[in-house]
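A short worksheet on the structure shown next.
The values are calculated or read from the model by the stated rules, or taken from the named source; none is laboratory data. Computed from a predicted structure; not experimentally measured. So basically every Cβ, Gly included, is an ideal-geometry build from the backbone, and we count neighbours across all protein chains shown.
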Amino acid sequence: MTDLSPTAPAGHGLLAGKTAVITAAAGGGIGLATARRFQEEGARILISDAHPRRLAEAAASLGVGSVPCDVTIESDVVRLWDAAVEQLGGVDVMVNNAGLGGTVDLVDMTDEQWSRVLDVSLTGTFRCTRAALRHMLPRGRGVIINNSSVLGWRAQRGQAHYAAAKAGVMALTRSAAMEAAPHNVRVNAVAPSLSMNPFLSKVTDEALLAELESKEAFGRSAQPWEVANVMVFLASDYSSYMTGETVSVSSQHP
């Protein structure tokens, strides 16, 4: 097969003058890629993550401010927003990227495994969305972008907790969008199919990853920046009429 791997595009100032907060932006996944792409498009950003050491490294590489935040702890979310308002002077875009997965069959899944994934991936998104709305609604503007997954639509063995959480993120996105629209605040989501990152490769069987890649039209997983590009679009004024939508970032079709 011909190598179809693309080259990341240059920035075009699509987010010039905007400010943004991005959660789970440490490591080498979608969060860090989104932070980089937002910077390249002209945004001033603040990043957060639940892992202080990795967060510090990411912040240093980007030259931006950072605040450790565990999205399962409300006081952490409040502290993140207080810092964001102080450092950025107001937040135009919130990217809720924090999520947690894992593979276990439903019959073997413990209550703790179920609750942990739901608390990070769904309830954590709720906490950050609530904090963002409390800031954006009085300002009469803002954009919230949630990271969901195609597993919110599709079935995959061993992913009942993750799929339920990501389907919940889609529903949360739609409901929040209807509440926010009268205040000129938009809420959308992206649903990646397969985006390779170091954490995913550690926790997922190589044979399964190869099988999933083979189902993609391009025969490969997405680069994290390819998902980030869609977030840039949703954060920009080019998507001004879109709200309550979940955009699939996928080349796989049933």
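Name the single residue that is nearest to residue 140 (Cα to Cα) among those in the stretch 219-249 being part of a loop (DSSP other than H, G, I, E, B) and modelled with pLDDT under 95.
223
Given the criteria touching a Cys at 6+ places or on another chain (Cβ under 7 Å), at pLDDT 95 or above and either assigned to a helix (DSSP H, G or I) or surrounded by 16 or more Cβ atoms within 10 Å (Cβ to Cβ) (or both), does residue 71 qualify?
Taking the combined requirement at face value, the residue satisfies it.
Name the residue that is surrounded by the fewest Cβ atoms within 10 Å (Cβ to Cβ), counting only residues in the stretch 177-192 that are in contact with a Leu (Cβ under 7 Å, 6 or more places away or on another chain) and assigned to a helix (DSSP H, G or I).
Ranking the candidates gives 183 first.
Among the residues in the stretch 16-37, are any surrounded by fewer than 18 Cβ atoms within 10 Å (Cβ to Cβ), over 23 Å from residue 134 (Cα atoms) and in contact (Cβ under 8 Å) with a residue 12 or more places away in the chain?
Checked the stretch 16-37: at least one residue is surrounded by fewer than 18 Cβ atoms within 10 Å (Cβ to Cβ), over 23 Å from residue 134 (Cα atoms) and in contact (Cβ under 8 Å) with a residue 12 or more places away in the chain.
Could you pull out the residue among 151, 137, 172 that is touching a His at 6+ places or on another chain (Cβ under 9 Å), in a helix (DSSP H, G or I) and among the aliphatic types (A, V, I, L, M)?
137
For the stretch 90-128, how many residues meet the condition of being among the hydroxyl-bearing types (Ser, Thr, Tyr) and under 12 Å from the mean Cα position of the chain (by Cα)?
Total meeting the criteria: 2.
Go through 91, 117 for me and flag whichever is in a loop (DSSP other than H, G, I, E, B), crowded, with 21+ Cβ neighbours inside 10 Å, of a type outside the set (D, E, K, R) and touching a Leu at 6+ places or on another chain (Cβ under 9 Å).
91
Is it the case, given these coordinates, that residue 85 is buried (at least 21 other Cβ atoms within 10 Å of the Cβ) and either at pLDDT 95 or above or within 24 Å of residue 185 (Cα to Cα) (or both)?
no
What residue, among those in the stretch 1-59 that are β-branched (Val, Ile, Thr) and assigned to a loop (DSSP other than H, G, I, E, B), is nearest to residue 78 (Cα to Cα)?
23
From the residues in the stretch 132-162 that are closer than 20 Å to residue 226 by Cα and crowded, with 24+ Cβ neighbours inside 10 Å, which one is nearest to the chain's Cα centre (by Cα)?
147
Would you check if residue 90 is free of Cβ contacts under 8 Å to residues at least 60 places away in the same chain and at positive phi?
no
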